[in-house]
């Protein structure tokens, strides 16, 4: 099978995908030959030499152009699917520019009309003649607001498939036809603003892939055969079996197995582990992880396009493309509403007079129906509510990337949480100082800080911070010796002391059953144990762990009260740490020692069981699972760029109490939207009956339509107060 790949400009949601499928399926030999990646705006077409249909790039470009979108050949295809296509400034900023001009023109037109009438309220009544200057500004508002909408509306008209674009266009033209310029301008601006917000949301998701790619180095330091010299080569050119060298502070360029040396590696970008992991010969390392202290050599086991990081990128792409935004109810309703109301208007204007006579009267009543059919209040009901809801949420420190993500939290049934950086602070801190053998806590902390002063390990930094906070006197160390992977030793005030892990304590001897039991208790509670000793005995234990965020129990209780059926913690940490955190927080279930693909599987299982599932995380390793969830929530203050960009919602203050607030806020927004829609439709139904009875007048229809629009806007703006 050969593949032709195109960048589709203007493809941002499932509606455009459906349109493209209908237009292209017959040209390429069937819908199964088409695959779409909404995240990257990419269309892939497969073809075989045995195909009976024949097409070329130009045929595809013309067919796509007829839909109001644009197809550009994807000349350089990358294995990860993230090759950029150069876009002009207009292509990147044109929609924003047009919406801005539309909004400014609308405001200026209103101001000039208010000055002309001597009243700020006057322009809303539509009872006076509009000045030429206001008409020009309103015209500019409509043209710029509908710039990217009219081509799709024309396509819908040609294909007799009415959609929201056609609905908005007809509404604006109808308003202009009866000299309601302000109404036409308002509808086009608000609709264009809603589409801009949707476009921004998809754009942010696309940039998430770029943030993931930045994690992995573009070059690897490879040991050449024969002379043992090092050569820097692009990671894409490195073959499986090559030996690469990583120095302290560098990122691991590819997946592999250590063959020489040892170090501690920060694996949080891949596994989510909160504390760097000691690595020795035979251990596996992942591309994109960070080497903390030692240099080592490793044998490459996977090519650049098959690393764990590359798979994460692929999973994000795949999950995002599967989770395309669903059509709004108003869009579905518009498919039937527009032709139905047009048909009713034509029936009243052209058919009834054939039997009842009085063509002038019934033409007038038909015009009344066209006016009341103008879906201003209906179209405005959703975007104004959503804009107000988004603004209110932003003020509360919750960044929501588009209206569809504002509505989803209202229906959540289960929530999955990452541990490190989400339920915990993601920064190791000393939890307990346990002096033994007659030593004091201050002495123990002083010895430990002295021995750790030369280390960059996160556990060492945690001990140094505790000593500094307690203003402990720290003496210098003579004859300092580092024991890689175990700890360190040195002379303090003429005596030899050592510091290290539980394993080192066992090797040095002197570990009594009491010491062993205490160390195991701390480890079972999810703490990392650091032992300090001298040539005679063990001086004491220091436990270090990631501290939990405050008020988590109250958050979980609030979620239960709101009807959340299941809360689950997903983490790459060990069983003991996961259990301790889950018990302390009051979470329903935990799953430990998970890789990114395991988290995706866990979320997919929850989605099958509960349908509406949120994933809350902060790391790159959380991104695929977040993308697979119904709604992805990121910790905005401390979270990785990739997690934040992949997420649908970001908590900018890292305050998990905002999640119950978000659910209540989402439900309030949904209630507002529904009440707006029913009010708008109810008003139109009343006037439709009056028109059929010959009792409605044009000015009544205009007043009712504008009044409904104003009431809908006022009801929507109540969301700005942020109260639930």
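When the strands (runs of 3 or more DSSP E) confined to the range 521-630 are screened for residues that are touching a residue at least 60 places away in the same chain (Cβ under 8 Å) and surrounded by fewer than 23 Cβ atoms within 10 Å (Cβ to Cβ), those reaching at least 3 such residues are found at 538-548, 566-570.
Just one residue in the set 502, 457, 516 is over 20 Å from residue 425 (Cβ atoms) and touching a strand residue (DSSP E or B) at 6+ places or on another chain (Cβ under 9 Å); that residue is 502.
Output yes when any residue across the range 649-659 is at pLDDT 90 or above and closer than 23 Å to residue 713 by Cα, and no when none is. No. Among the residues of the range 56-75, which ones are within 19 Å of residue 166 (Cα to Cα), surrounded by 21 or more Cβ atoms within 10 Å (Cβ to Cβ) and modelled with pLDDT of 85 or more? Result: 64, single match.
Hey, can you tell me all the residues within the range 684-719 that are farther than 30 Å from residue 409 by Cα, in a helix (DSSP H, G or I) and at pLDDT 70 or above? 684, 685, 686, 687, 688, 689, 690, 691, 692, listed by residue number.
Return a yes/no flag: does the range 482-491 have any residue that is in contact with a strand residue (DSSP E or B) (Cβ under 7 Å, 6 or more places away or on another chain), in a helix (DSSP H, G or I) and either assigned by TED's automatic domain parsing to the domain that holds residue 635 or without any contact (Cβ under 8 Å) to a residue 60 or more places away in the chain (or both). No - not one qualifying residue is present in the range 482-491. The condition of being at pLDDT 80 or above, within 20 Å of residue 558 (Cβ to Cβ) and either in a helix (DSSP H, G or I) or more than 21 Å from the chain's Cα centre (by Cα) (or both) holds for only one of 354, 346, 406, 350, that being 406. Could you tell me which residue of the range 388-403 is surrounded by the most Cβ atoms within 10 Å (Cβ to Cβ), considering only residues that are in a helix (DSSP H, G or I) and either modelled with pLDDT of 80 or more or in contact with a helix residue (DSSP H, G or I) (Cβ under 7 Å, 6 or more places away or on another chain) (or both)? For the range 388-403, the residue satisfying everything is 389.
Of the residues making up the range 501-520, those that are under 42 Å from the mean Cα position of the chain (by Cα) and surrounded by 18 or more Cβ atoms within 10 Å (Cβ to Cβ) are 501, 502, 519. Checked against (1) at pLDDT 80 or above; (2) over 17 Å from residue 25 (Cα atoms), residue 44 meets all criteria but (2).
The residues of the range 412-441 that are out of contact with any strand residue (DSSP E or B) (no Cβ under 6 Å at 6 or more places or on another chain) and modelled with pLDDT of 90 or more, listed by number, are 413, 440.
Take the range 493-504 and flag every residue that is in contact with a helix residue (DSSP H, G or I) (Cβ under 6 Å, 6 or more places away or on another chain) and closer than 15 Å to residue 537 by Cβ. It would help to see each step written out before you state the result.
Of the range 493-504, the ones in contact with a helix residue (DSSP H, G or I) (Cβ under 6 Å, 6 or more places away or on another chain) are 497, 499, 502.
Matches in the range 493-504: 497, 499.
What are the residue pairs meeting all of these: first residue in the range 448-468, first residue without any contact (Cβ under 8 Å) to a residue 24 or more places away in the chain, second residue surrounded by fewer than 23 Cβ atoms within 10 Å (Cβ to Cβ) and outside any helix (DSSP H, G or I), Cβ atoms under 7 Å, and 6 or more apart or on different chains? Correct list of pairs: 464/453; 467/474.
The values are calculated or read from the model by the stated rules, or taken from the named source; none is laboratory data. From a predicted model like this one, the values you see are computed outputs, not experimental measurements. All Cβ positions, glycine included, derive from the backbone under ideal geometry; neighbour counts span all protein chains shown.
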